[in-house]
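One structure below.
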Amino acid sequence: MQETDFVNKREFFEGVRQGTPVCISAAPFGALFGAVAVANGQTIAEALLMSMTLFAGASQLVGIELFGQKIAAWVIVLSIFAVNFRHILYSAAMAPFVRHFSASEKFVTFFLLTDPQFAETVRRGEARGKVSFSWYLGFGLVIYVPWQVMTVLGATFGKLIGDPKLIGIDVLLPIYFMAIVLGFRKRANFLPVVAISGAVSVIAFHTVGSPWHVSIGAVAGMLLAAMLPVKRNPKLHEAGQEV
Amino acid sequence: MDGFFHADMVAVILAGAVATFLTRIGGYLLVMRMKSIPPRLEAALNAVPAAVLTTLVAPAFFTGGPDVQVAMAAALIASLRLSSLPMLAVGWCAVMFMRYVFTG
């Protein structure tokens, strides 16, 4: 049985150990975010603040991309919300495994929720019935803390470089997003959704213009998914690899 | 770029942080209230990440120069065998090649 008010060391360090590979593979993206953030006009302190309060790599990069394009603030916030929308599914799906946490533990739990955290929580929860807060915290912190360090390192380095095109940073962003998209390739309706969202967003980009192509393309893909024949029990667990 | 923080930037960051936290806790709060999500809604929600991110990738490819297109194509081919970090490395090498070697 797990203690309720103290962190169980053994569980905590098991979480740390399991989270370490995620931490290592996410680290370059933290640095990437820092470098891109500075290239798009954020200060190092602002980049760190964003990493500390959002702690969601893809949406941070999307937000930064839109900052650079001088887009209205509410559109940026809405886009961040849209990119993070999948977390709604995650927190719904992992509810049975964390509902025994206290209110403050739940606050920390959902603040630290990322794709790998979700995937591991469901895996562990399905095997054991529930997960301990100590394990969850260990897994989360070993990703959270290095994320901040890497953000500052990347931002400091990016500031020294100046023009991101010189060292090819500009191309990393779309490739990074492409990698995340491909991470979802085992999901139901993957190919039709990607095809329709891609086609509609390109058309919208040339007709309606940026940033509306993002919402329009995304809605097209969602509508298509809703209209296609429903397969029973879509696999929520096959989440992309992203922090 | 003077100072540590700009008020408007900080406001957007904090609003983004609140929006992010709402998505993280939202599903839990929702599922505690309703017993199940309608299947078509679930299918639509399930399509969200791929749909949103594709809209960032496709226009970048079609509006990018040859250097960007070659890099993205190379990364896509690399992704058939490699995970995302090596894939990123392949794309980066390709764009640097196009910028500094291929075009002289």
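The values are calculated or read from the model by the stated rules, or taken from the named source; none is laboratory data. Bear in mind the structure is a predicted one, so any value in this text is a computation, not a measurement. Here Cβ is always computed from backbone atoms with ideal geometry, including for glycine, and neighbour counts include all displayed protein chains.
Return yes when B:Ala94 is more than 17 Å from the chain's Cα centre (by Cα), in a helix (DSSP H, G or I) and not polar (S, T, N, Q) and no when it is not. Spelling it out, B:Ala94 is indeed more than 17 Å from the chain's Cα centre (by Cα), in a helix (DSSP H, G or I) and not polar (S, T, N, Q).
Given B:Val31, B:Val48, B:Val57, B:Val52, which one is within 21 Å of B:Met96 (Cα to Cα), β-branched (Val, Ile, Thr), at the interface with chain A (Cβ under 7 Å from one of its Cβ atoms) and buried (at least 20 other Cβ atoms within 10 Å of the Cβ)?
On the way: B:Val31 fails: within 21 Å of B:Met96 (Cα to Cα); B:Val48 fails: within 21 Å of B:Met96 (Cα to Cα); B:Val52 fails: within 21 Å of B:Met96 (Cα to Cα).
Selected residue: B:Val57, the only one of B:Val31, B:Val48, B:Val57, B:Val52 that is within 21 Å of B:Met96 (Cα to Cα), β-branched (Val, Ile, Thr), at the interface with chain A (Cβ under 7 Å from one of its Cβ atoms) and buried (at least 20 other Cβ atoms within 10 Å of the Cβ).
Scanning the range B:68-84 for residues that are buried (at least 21 other Cβ atoms within 10 Å of the Cβ) and not aliphatic (A, V, I, L, M) yields B:Ser79, B:Ser84. Filtering the range A:206-214 for residues that are part of a helix (DSSP H, G or I) and under 18 Å from the mean Cα position of the chain (by Cα) leaves a non-empty set.
Here B:Ala74 meets each of (1) within 7 Å of chain A (Cβ to nearest Cβ); (2) at pLDDT 95 or above with one exception, condition (1). In the range A:154-167, the count of residues that are surrounded by 20 or more Cβ atoms within 10 Å (Cβ to Cβ), in contact with a helix residue (DSSP H, G or I) (Cβ under 6 Å, 6 or more places away or on another chain), in the same structural domain as A:Leu49 (by TED's automatic domain parsing) and modelled with pLDDT of 90 or more is one or more. Listed by first and then second residue, the pairs linking a residue in the range B:31-52 that is over 21 Å from A:Lys186 (Cα atoms) to a residue that is assigned to a loop (DSSP other than H, G, I, E, B) and of a type outside the set (Val, Ile, Thr), with Cβ atoms under 9 Å apart and 6 or more places separating them unless they lie on different chains, are B:Met32/A:Arg99. Of the residues making up the range A:69-117, those that are among the aliphatic types (A, V, I, L, M), within 17 Å of A:Phe55 (Cα to Cα) and either more than 7 Å from chain B (Cβ to nearest Cβ) or part of a loop (DSSP other than H, G, I, E, B) (or both) number 4. Selection of first residues in the range A:148-169 that are in a helix (DSSP H, G or I) and of second residues that are modelled with pLDDT under 90 and of a type in the set (D, E, K, R), restricted to Cβ pairs under 8 Å at least 6 apart or on distinct chains, gives the following pairs, ordered by first then second residue: A:Pro164/A:Asp170.
When the range A:47-100 is filtered for residues that are within 18 Å of A:Gly34 (Cα to Cα), surrounded by 24 or more Cβ atoms within 10 Å (Cβ to Cβ) and of a type in the set (D, E, K, R), nothing remains.
State which residue is modelled with the highest pLDDT when the search covers only the range B:77-91 and only residues that are under 16 Å from the mean Cα position of the chain (by Cα) and part of a helix (DSSP H, G or I). That would be B:Gly91.
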